[in-house]
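Okay, structure first, notes after.
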Amino acid sequence: MSRHIFVTGGVVSSLGKGLTAASLGCLLENCGLRVRMQKLDPYINVDPGTMNPYQHGEVYVLNDGSEMDLDLGHYERFTHAPLTADCNYTTGKIYSSVIAKERAGEYLGQTVQVIPHITDEIKAGIERLSGPDVDVVITEIGGTVGDIESLPFLEAIRQYSLEQPPQTCLFIHLTLLVHLAASGELKTKPTQQSVGKLREIGIQPDVLVCRTEHPMTEEMRRKISLFCNVRPERVIEEQDVAHSIYELPLMLEREGMSRIIGQALGLELPAPDLSAWERIVDVVRTTEREIDVAVVGKYIGLNDAYKSIYEALAHAGIANGVKIKLHKLSSDDLAADNVAERLGGMHGICVPGGFGGRGIEGKVLAAQWARENNIPYFGLCYGLHMAVIELARNVCGLQGANSQEIDPDTPHPVICLIDEQQKITRKGGTMRLGAQSCQLSQGFARDAYGEDNVSERHRHRYEFNNDYREQLSAAGMAFTGINTEKDLVEIVEIPGHRWFVAVQFHPEFTSKPTRPNPLFRDFVKASMGVDHTSSGGASPGKARRPASHAGREHGAADS
Ligand code: GLN
């Protein structure tokens, strides 16, 4: 039967519960266990797909097309647990399902209530992940203990553990040791209070993971143990990692985490084999060479908005033995009179996904800069739209070329609404979503993947307009990835350029530190070839007509 680990958080939000849960999954998987991961989110949206990144950070997309919390990205990067729609339940999703059942008459005669109907629905969601082929289900509860919204979820996990045989459920609480700079002290009171809140609900944590900027003394450990009713050896310190988030499983293991979990759940666990993670951290720690990569987007002040992209770039850096110095540039502020100054020293330029009109002219400028100066360009979804608009306007002379998303009346809709999207009016979960196949022809992407057919995840409504294929290929663009089933352009490239690839999908979602996405890997590799110290580098304003030769044969027509 499956064991269960519940991860809760206290004191403040953004403590890194997702990373901690993912690291626990990583440890247990490397002890040979079959792990499943799940997140329960207390907000009322059915999924995060309708929220903007300022609210929620990145929307993470699974193979099955589910739009999910970004913590699921950590789960996929740290573990091999298969993720599906059952791996993220929100209050909205739980209530929708209970209300649909009520309308269908499933509770006929009853008053439908939080307890038992909502809590039963939550418990059913947890149960859905267990099974004979699963050793441990790790369920992270979003939000912070003490939030009104979290209560039904906490009540549900309390009930769930009560209904399971002894020694099969474990509660791990992540908390913060507050550092008072003025007195130089670490304070345990907020931790005591947060555990007190949990105990009020009837949950006694078995393990406390204490986030701290400074080492915890033995005395503090004993004090926390006494006041929180947790054995001292199960009060664990989680200091800020020095080099990389991929250090976290190693740090937790040094604190004895797999032994503690094994004992608590009655499992005989061998020591985890963390050699792959040790190697990764070693590379990060010892790498000296650095390249400058610009990410030109509109949610730049937010670390979480492009989480998977930043991680995928880091993975590619590890694979190539180079540090990525990220330059997070706001596309709102990029203009013709500052583009040379801001992008002039970059070794590579990435334009991420996005929605709406704000900041798009800056992204178009970034694509133009990369194309004209032979600087590697990597466009992701909206980044493909921008590259197409740029070439259409500046090389094909199609004045006013645009995406219908930005200008519905554009004279040249080089990016348009996909047919299947024409009649859709509802917003939630209705984009072209999830893994779709892509047939590759010769080019940078085919070289990177080393395969003719790949599957990557999508999240968009607009697409390259096939009416413009001929004109754009005459201008030097190659269409090297096609979804043959729907005849949709999935990849565009500029042959003869150092590396210019834009994709309609989101390769950042399939990158792991142990297996970087091939496109990110080759983008970084190409960026390493840029030498700004010699004349081979960028030269502002020097327009290079993209060549259709340079020793490469591309399947698509370059005239
Ligand atoms: N806004 C664009 C569309 O809907 C691109 C979406 C994205 O970048 N994920 O097609």
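Shown is the FRET efficiency for Arg222 and Ser183, computed with R0 = 22 Å from the Cβ-Cβ distance and rounded to the nearest 0.05: 0.60.
Solvent-accessible area of the chain (1.4 angstrom probe, protein heavy atoms only): carbon and sulfur portion equals 48 percent. Here the scattering of region 283-323 is modelled by Debye summation over its C-alpha atoms, one equal scatterer each and no solvent; at q = 0.19, 0.31 Å⁻¹ the log10 of I(q)/I(0) is -0.61, -1.06. Partner lysines whose Cα lies under 25 Å from the Cα of Lys223, excluding those fewer than 8 positions away in the same chain, are identified as Lys17, Lys187, Lys189, Lys197. The distance between label points at Val114 and Asp419 comes to 5.0 nm (points 7 Å beyond Cα on the Cα→Cβ vector). Normalised by residue count, region 349-405 yields a Cα convex hull volume of 65 Å³ per residue.
Of the GluC sites (Glu not before Pro) found in region 469-503, those that fall in a DSSP loop while having at most 10 other beta-carbon atoms within 10 Å are Glu485. The phi torsions of region 478-493, fed into the Karplus equation with coefficients 6.51, -1.76 and 1.60 and a -60° offset, translate into couplings of 10, 9, 9, x, 10, 8, 6, 4, 10, 6, 10, 6, 10, 9, 10, 9 Hz, rounded to whole numbers, with Gly and Pro shown as x. Checking every one of the trypsin sites (Lys or Arg not before Pro) in region 381-448 against DSSP loop status and a limit of 13 other Cβ atoms within 10 Å picks out Lys423, Arg426, Lys427. Would you list, by chain and number, the lysines whose Cα falls below 28 Å from the Cα of Lys427, excluding same-chain residues fewer than 8 positions away? In chain and number order, the partners are Lys39, Lys93, Lys101, Lys298, Lys307, Lys363, Lys486. For region 318-375 and region 108-178, what is the centre-to-centre distance using only Cα atoms, to the nearest Å? Using only Cα atoms to place each centre, the spacing works out to 44 Å. For the chain, the equivalent ellipsoid derived from the Cα gyration tensor has semi-axes of 45, 28, 20 Å, listed largest first.
Under a Cβ-only charge scheme (Lys and Arg +1, Asp and Glu -1), can you give me the dipole magnitude of region 73-175 about the Cα centre, in debye to the nearest 20? The calculated dipole for region 73-175 is roughly 120 debye. Dimensions of region 474-526 along the principal axes, based on C-alpha atoms and rounded to the nearest Å, stand at 39, 29, 11, largest first.
Summing Cβ point charges (Lys, Arg +1; Asp, Glu -1) relative to the Cα centre of the chain gives a dipole of roughly 560 debye.
Derived from the Cα gyration tensor, the three semi-axes of the equivalent ellipsoid of region 321-431 are 27, 17, 12 Å, largest first.
Here region 446-512 is treated as a sphere whose radius is the Kirkwood value from Cα pairs; by Stokes-Einstein at 20 °C and 1.002 mPa s it diffuses with a coefficient of 165 µm²/s. Applied to region 113-121, the Karplus parametrisation 6.51 cos²θ - 1.76 cosθ + 1.60 on θ = phi - 60° returns per-residue 3J(HN,Hα) values of 9, 4, 10, x, 5, 5, 5, 4, 5 Hz, with x for Gly and Pro. Here's the picture: charge each Lys and Arg Cβ at +1 and each Asp and Glu Cβ at -1 in the chain, and of Leu15, Ala435, Leu151 the one pushed furthest to the positive end of that dipole is Leu15.
Rg then Dmax, both in Å and based on the Cα atoms of region 376-476: 14.7, 40.
The charge dipole of region 342-409, taken about its Cα centre with unit charges on the Cβ atoms of Lys, Arg (+1), Asp and Glu (-1) only, comes to about 240 debye. The phi torsions of region 371-386, fed into the Karplus equation with coefficients 6.51, -1.76 and 1.60 and a -60° offset, translate into couplings of 5, 6, 10, 6, 9, x, 10, 10, x, 10, 6, 4, x, 6, 4, 5 Hz, rounded to whole numbers, with Gly and Pro shown as x. Rolling a 1.4 Å probe across the protein heavy atoms gives the chain an accessible surface of 40 Å² per residue. Sort out for me the Cα centre separation of region 264-317 from region 23-52, rounded to whole Å. Result: 18 Å between the Cα centres. Antiparallel beta bridges, as assigned by DSSP with both residues in the chain, represent about 35 percent of the total such bridges. For the chain, the residue among Cys228, Cys416, Ala370 whose Cα projects farthest onto the positive side of the dipole built from Cβ charges is Cys228.
The packing ranking, built from the mean of other Cβ atoms within 10 Å per residue, places the peptides 138-147, 451-460 in the order 138-147, 451-460, highest first.
Please compute the contact order of the chain in relative form: average sequence separation of alpha-carbon pairs under 8 Å and at least six residues apart, divided by the residue count, as a percent.
For the chain, the relative contact order is 14 percent.
In the chain, taking the dipole from charged Cβ atoms about the Cα centre, the farthest positive-side position among Asn453, Leu250, Val35 is held by Leu250.
Summarised in one figure, the compactness ratio Rg/Rh of region 50-124, Cα atoms and Kirkwood Rh, is 1.07. A helix-only calculation puts the chain at -9500 deg cm²/dmol for mean residue ellipticity at 222 nm, using -39500 (n - 2.57) for each DSSP H run of at least four residues, averaged over all residues.
The values are calculated or read from the model by the stated rules, or taken from the named source; none is laboratory data. What you see is a predicted model; the values in this text were computed from it and never measured. Glycine gets a Cβ as well: all are built from the backbone with ideal geometry, and neighbour counts include every protein chain shown. The protein model used for the area step is the full one, side chains on, heavy atoms only, and it has no ligands, DNA or RNA in it. Shrake-Rupley method; radii C 1.70, N 1.55, O 1.52, S 1.80 Å.
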